[in-house]
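*Asks:* Have a look at the structure that comes next, please.
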Amino acid sequence: MPYCYKRIKATQWFKLGDHKDVRPYRMLGAVGEICDRPRCQRPAAEHGMYGDVIASERVCPGDWIVEDWSRTAWVLSPASFAELYALERGEARDG
Ligand SMILES: [Zn+2]
């Protein structure tokens with residue numbers, strides 16, 4: 001479910017289909033490989049990739065995809081998102 005703030009739109013990603021620009025994640029290693037981020041360590045198959053062929057970023061379940069007013073977008077961990085934006089939730093609105 002997207003949240004719209006004054007300056008950003010943020011969508012928390014849990015699975016494919018949660019955000020239109022997240023593609024299936026292709027990990028180089030074998031099937032069953034585990035994410036190397038200590039905060040995650042989930043199977044590769046539960047991940048996504050945000051971005052294009054030139055620059056893409058792994059998305060772990062629970063990560064936030066944040067877009068600003070210029071359509072620039074980035075991926076934030078839940079902890080980073082909370083630190084940067086959680087206090088603005090009271091100002092959330094549509095559009
Ligand atoms: Zn992960």
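The values are calculated or read from the model by the stated rules, or taken from the named source; none is laboratory data. What you are looking at is a predicted structure, and each value in this text was computed from that prediction instead of being measured. We place every Cβ from the backbone using ideal geometry, glycine too, and count neighbours over all the protein chains shown.
*Asks:* Output yes when any residue across region 38-50 is near the ligand (Cβ under 9 Å from one of its atoms), at pLDDT 85 or above and touching a helix residue (DSSP H, G or I) at 6+ places or on another chain (Cβ under 8 Å), and no when none is.
*Replies:* Among the residues of region 38-50, at least one is near the ligand (Cβ under 9 Å from one of its atoms), at pLDDT 85 or above and touching a helix residue (DSSP H, G or I) at 6+ places or on another chain (Cβ under 8 Å), which makes the answer yes.
*Asks:* Now a separate question. Out of the residues in region 1-36 that are at pLDDT below 90 and charged (D, E, K, R), state the one that is surrounded by the most Cβ atoms within 10 Å (Cβ to Cβ).
*Replies:* The qualifying residue surrounded by the most Cβ atoms within 10 Å (Cβ to Cβ) is K9.
*Asks:* Another question, then. Would you confirm whether or not region 65-86 contains a residue that is surrounded by 15 or more Cβ atoms within 10 Å (Cβ to Cβ), modelled with pLDDT under 85 and closer than 15 Å to P2 by Cα?
*Replies:* Step one: filter region 65-86 for residues surrounded by 15 or more Cβ atoms within 10 Å (Cβ to Cβ), giving 65-67, 73, 75-78, 81, 85.
Cutting the leftovers down to modelled with pLDDT under 85 gives us 85.
Then keep just the ones that are closer than 15 Å to P2 by Cα; that gives 85.
Checked region 65-86: at least one residue is surrounded by 15 or more Cβ atoms within 10 Å (Cβ to Cβ), modelled with pLDDT under 85 and closer than 15 Å to P2 by Cα.
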